[in-house]
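What follows is a short report on a single structure.
FYI, it's all coordinate maths here, none of it is from the lab. Being a predicted model, the structure only gives us computed values, none of them experimental. Backbone-built Cβ (ideal geometry, glycine too); neighbour counts: all protein chains shown.
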Amino acid sequence: MALAAVHDHVAAARALAAKLPQLIDESRRMAMSLRSGLHGNRKVGPGSDFWQFRPYVTGDPANQIDWRRSARGDHTFIRQTEWQASHNYWIWPVFSPSMYWSSKRGIPTKATCTLIIAIALADLLLHNGETVGTFDAERTRITSAEHLEKLAHAMLASPATIADQVGTMHAGRKHSVLVLSDFLEFADSSQSQSPSRAIKTLGQYQNDGALVHVLDPAEIAPPFSGRINFLDTDDQMIFRSERFEDLEEGFKQRAQVWRASVRDAARENDWLYDRYITSESASPTLLALYQHLSERQSQAGSNGRGRPITNRRSKTGA
Amino acid sequence: MNLAAITFLYPAMLAAVLVLPIVWLIIRSAPHSPKQIVFPAARLLRGLRTNRRDMQRAPLWQTILRCLILIMLILAAARPVLNRNEFSQNDGAVLIIAENSWSSAANWPDYRAGLHEIINQARLDLRSIYLAQTAPEPAGATITRLPDIIGPVSAHQADRFIDRLHPRPWAPDYPQLSNLIADQQHMANSIGSILWLTDDLDYPGKAELANDLDALAPITILSPKRNSRIAIQSLVRNRTGLGITLTHDRGKLARDIILLARNDQGSVLLRHNVTLAATSDHTDTEILLPGDITNSIQSVGVEGMETAATVFQTGARWQQRKVGVIVSSGDSPVLLSDRYFFLDRAISPYADITYAPLGRLLEDKMDILVAAGPISGLGSQYAALERWVQDGGMLVRFAGDATTEIERDFLPVTLRLGNRDFGGSMSWEKPKHLLNFPDSSPFYGIQIPEEITINRQLLAEPDPDIVAKTWARLTDGTPLITSAPRNTGRVVLFHVTPWADWSNLPMSGLFVEIWQRLLPLASPSDRPEAELQTSLPPQSVLDGFGRAHQPDATILPLRAPLPVPNPRHPPGIYGENGQAVALNLGPFLDNLDSHIRWPGTTALRKITDYDQIDLAALCLLAALMLLVLDGAALIFVHHVSIRRSRRHNALTTILMAVMVGGTSAIMILAAMTGTASAVEIQAAALQPRLAYLKTDVAAIDRLSKSGLAGLTEILRRRSAADLAPADAIDPESDDLSFYPLIYWPLVDGQQPFSAYAQAQINRYLDSGGMILIDSRDQEAEPARLRRLLAGLEIPILDRAPGDHILFRSFYLLDHPYGRFASPLWLDARPDQRLDGVASVLFGGNDWASAWMLDEGRNSENRTDDISPRQREMAWRFGVNLVMYALTGSYKGDQVHLPAILERLAR
């Protein structure tokens, strides 16, 4: 059915929306398994409630000094608040037409995988008390896991291209932005759109974020041979190959360049880049994302910008 | 299969093979259409350089396959023919003369194969065909003539005709054929070649015919591979068994054949090897055989040769009778041989003679008893002798010595006292001669020699029936041989002595001939008819293959002397029981070794086994199969791409399925057209139904249809006869044999039937069919019918008697009611073979109009003059009629009903 949807991405999106309850279920299961492995965040973080005093060290902002506590002794103390889930996260799965395609019957479409990861992540974050939103027309934001379905619908309605729409996306200051896409719109070398500019625009207000590059296995190693007319999902001829065997090397090289361009765009902005292949399990990607987002938040309080986490998968993917 | 046997009708088409390399290149360089794959990431490939020169070619196997298809098509266009027989080069129609006289039977399969080959070739060459046969056939009431030359016909029609052609057991009539061909001027103009299937046996008129034909068009003589001609010329009994004379052609080598003797059951009594001498055209052979086995021989044939010429049937005369001569116990054998010398010489070649007293002879169950003068020892055996005669014995008596008075009993006539002398010393009268035998006598036809003289005779009283009892008389009209039946037996009296004192008759050859005719009359097993017949009706006749058949109406009774077998008298058995005479073909065949001298320009060929086969269809079939294979391979190769881009290949698959399905449907349809008529026939055979003959007048046909529909419905309501809806039939094309009753309305200006249709109707009538002919105008006169239906074998018709089964087979009726109630005519003497059931009924009562049901009646066929009662009576007659057609004379057997009921009650 995913195949049938390829030719009409609106219908495909609708089909995906019809499956949302199952997908949300699946996402919750995945989030649950992740949550059980993490422990409550009883630690210092952004929040309004008092958490602890700690001695002042040089360089701490002066407005954080708790003068009353410092006055009671010789040392100067800084008042730290508990990390409170008041942070905003924007999750943007980009459902471009090519996302609804899969190379084989057994492999779910990129759109399905993307939605599952996006919702699972949202679920995790919501349980931590964060606010999660997406870039649909209403800029839907929810704070409770009960509204996940609404969020999912909003995600499906969010813009389907990055380069054209990125200018209208205005995440709040220091909000985290998560973009999940196949970034195929940046694949065409002839067009002068570069992913790095788009990411820069997204991260212009000290925004933290991550790019998840969702890929079909065929997009890494195409299994074709012979005389082939390659069509787009709208049956438009893309390319006519006489002998694909001859072109395979060229394709692989270009694919690598393309992926590298996306990765570099993430690095330039100090964002996380992760690659997710639809034939594989989504859990590692999800875990990496979650850890990255949560840890970065803890650091964000001190210096705002941190180095991107390079996990196992981003090492191999580069 | 020999490749050299293949010839091409249009060899120029083979030049098309020259373009094959070009086509090869085209096919090779035109690869199959690319796979369609949806792959959004392919945009990465945009602008990538592709190596055009390294373009993918069509796979080699595909190229070869497609070139093979092309080659097959080219071959088919060139019309390859296997075993082509170029019988005639000329254009124009072909005249085929098919030999179907007696000599063709031995090689009939060859002739058939040859005919089919010729017709096959004519079909390929698109020539029309004329067909002539050489054996005359009965026509009309008494005459015989050659069948007309058929043509011009298409090969298909000719094939059908050939299937009906069969050899005849009589001689060909070449002079008449010559005339026939000369009469057909239009044919002479159109024929381009003549093919004559015949052997090289010379026959009167054959060479002349060949010369005549040679003037018309080139002749090709097709003769069979095997050219041996054998006929059994004679079969005689002798003291030790039998002697057979075979006449045959001179072979280069001596040939061995096997003679088979069969009894009346057809089982083989004897196999006898005969070697045909190479140097002579006659071979005699003797077979030692006991008399009683010889007696039971019914026919002698040659193994492996099924022809009328090699079948020799024996008649009643063949069977040897046991003759007992009654002597008194005191007579010594020495004296006997003296007294009965001439009798002994006359009878003994043909019968066993025993001399014994009456008592012993009666015990030995003799067929014939001979007594000269008074029967000695009669006193005690009187009753026994009486019984023996009554049970079928034949008592032949002679006058005895002048002194002894012959007793009154066991005589056919009353004798006067004393006897009559002429020519003796005491008489003025001259010795008397014999008159010719009257045609009521069994001796009719025997030539009487001049030198027979009668000096003394017993005189019979001139009783009123003396003429009927007399078999031979003297010139003054006084009887010499008299006879009278006694129950199944017979008493014969020679009015002279069996020795040579009263006359020289016993010394003459005439005496032998008389005995030859007399002996078979005493039939040992069958009851002789009390009345003797001189015109012998056919009992069974032989066809060209020497197989016995029921005689049909065209065969005339036989009279002595025996004629040469001809269409009116084919070989066979004529006459019943003791008078049965076998007419054989063999004795009339002589000089089988003669070879005809054909005109110099004649081409001679042998008929070959190899029929030519048109291979074009085979090539087309092969091309089609390869095409299907190609399609299947394409589907298989693109199997992966079906998954990739389903829509296009699903379309291809559907197209392919439609193509394959369509092709097979066309092929099945083509096969069906050949069997469509078979399906109709099957439908007709599945259920009994009435039928009406299609006329050219649609209104009459509708009337017949609704009339028979009404009758069928009435039958269904009132009787157990549940018939299917009536069929319209056309004797020109339909098989009539499924219909128990055919209704035939006569219309004005009816086209006469073709010979084929006439034969069909005749066969239908002959095999028990029934036709109701309706003149529809109250006028039913057989003479009129005869005029209308010339060519059909309408039997002699008579008014149906009031007690005919037809009037009581279901309802009791007194008239054949229809719209009118005029009398019905039907077979005066229905054939006993058909159980006495009439086959032709003729009337003019417009039955169809009266049989219609109310709902079938409309403005067109309104018949207001039929009252409800009339209609009811007509239906009753219709029911009776169908019952009669379905049950035959069964209802007539109800005369036995009281006896059956009585038996049941007991």
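Hey, for a label at B:L655 modelled as a point 7 Å past Cα toward Cβ, could you say which residues of the range B:5-47 have their backbone N under 11 Å away?
It comes to B:33, nothing else.
Can you check what the net charge comes to around B:A372, using other residues whose Cβ is under 9 Å from the Cβ of B:A372 (Lys, Arg +1; Asp, Glu -1)?
In short, +1.
Lysines near A:K174 by alpha-carbon distance under 21 Å, same-chain residues fewer than 8 away left out - which ones?
Those lysines meeting the cut-off are A:K43, A:K200.
Excluding residues fewer than 8 places away in the same chain, name every one of the aspartates and glutamates whose C-alpha is closer than 15 Å to that of B:K891.
B:D803, B:D835
Can you give me the Rg/Rh ratio for chain B, using Cα atoms for both radii and the Kirkwood formula for Rh?
With Rh from the inverse mean 1/r over Cα pairs, Rg/Rh is 1.12.
Where the eigenvalues come from the Cα gyration tensor of the range B:687-896, what are the semi-axes √(5λ) of the equivalent ellipsoid, largest first, in whole Å?
Result for the range B:687-896: semi-axes of 22, 21, 17 Å.
Could you give the nm distance between label points at B:D214 and A:S279, where each point is 7 Å from its Cα heading toward the beta carbon?
Each label point lies 7 Å from its Cα, and together they span 9.2 nm.
Work out, in µm²/s and without decimals, the Stokes-Einstein translational diffusion coefficient of the protein assembly as shown at 10 °C, 1.306 mPa s, Rh from Kirkwood over C-alpha pairs.
Taking Rh from Cα pairs, D becomes 37 µm²/s.
Note down the relative contact order for the range B:275-381 as a percent, whole number, built from C-alpha pairs under 8 angstrom at least six residues apart.
27
Based on alpha-carbon centroids, what's the gap between the range B:743-776 and the range A:236-287 in Å, whole number please?
93
What translational diffusion coefficient, to the nearest whole µm²/s, does the range B:75-193 have by Stokes-Einstein, given a Kirkwood radius computed over alpha-carbon pairs, a temperature of 10 °C and 1.306 mPa s viscosity?
The calculation lands on 104 µm²/s.
Among B:N880, B:L165, A:A18, flag the residue with its Cα farthest along the positive direction of the charge dipole of the protein assembly as shown, charges on Cβ as +1 for Lys/Arg and -1 for Asp/Glu.
A:A18
Can you work out ³J(HN,Hα) from phi for every residue in the range B:562-576, in order, using Karplus 6.51 cos²θ - 1.76 cosθ + 1.60 and θ = phi - 60°, giving whole Hz and x for Gly and Pro?
5, x, 5, x, 8, x, 7, 10, x, x, x, 9, 10, x, 10
Work through the residues other than B:W515 whose Cβ is under 15 Å from its Cβ and net out their charges, Lys, Arg +1 and Asp, Glu -1.
+4
Count the net charge of all other residues whose Cβ sits under 10 Å from the Cβ of B:L259, scoring Lys and Arg as +1 and Asp and Glu as -1.
Charge balance in the 10 Å sphere: 0.
Run the helix sum for chain B: -39,500 (n - 2.57) per DSSP H stretch of 4+ residues, divided by residue count, reported at 222 nm to the nearest 500 deg cm²/dmol.
About -9500 deg cm²/dmol.
Which residues' amide hydrogens lie under 5 Å from the amide hydrogen of B:L276, considering only partners 5 or more residues apart or on another chain, with H built in the peptide plane?
Under 5 Å from the amide H of B:L276 lie the amide H atoms of B:R255, B:D256, B:I257, each far enough along the sequence or on another chain.
Would you please give the FRET efficiency between B:E732 and B:E286, computed as 1/(1 + (r/R0)^6) with r the Cβ-Cβ distance and R0 = 41 Å, to the nearest 0.05?
Efficiency computed from Cβ-Cβ geometry: 0.15.
Mean Kyte-Doolittle of at least 0.5 and a Cα length of 20 Å or more along the axis: which whole DSSP H helices of chain B meet both?
Both cut-offs are met by B:60-77, B:616-637, B:646-686.
Between B:S267 and B:A553, what is the label-point separation in nm under the 7 Å Cα-to-beta-carbon projection?
It works out to 3.9 nm between the two label points.
Residues of B:412-420, mean number of Cβ from any other protein chain within 10 Å of their own Cβ, rounded to a whole number?
0
Take every Cα pair under 8 Å in chain B that's 6+ residues apart, average their separations, divide by the length, and report that relative contact order as a whole percent.
This gives 11 percent for chain B.
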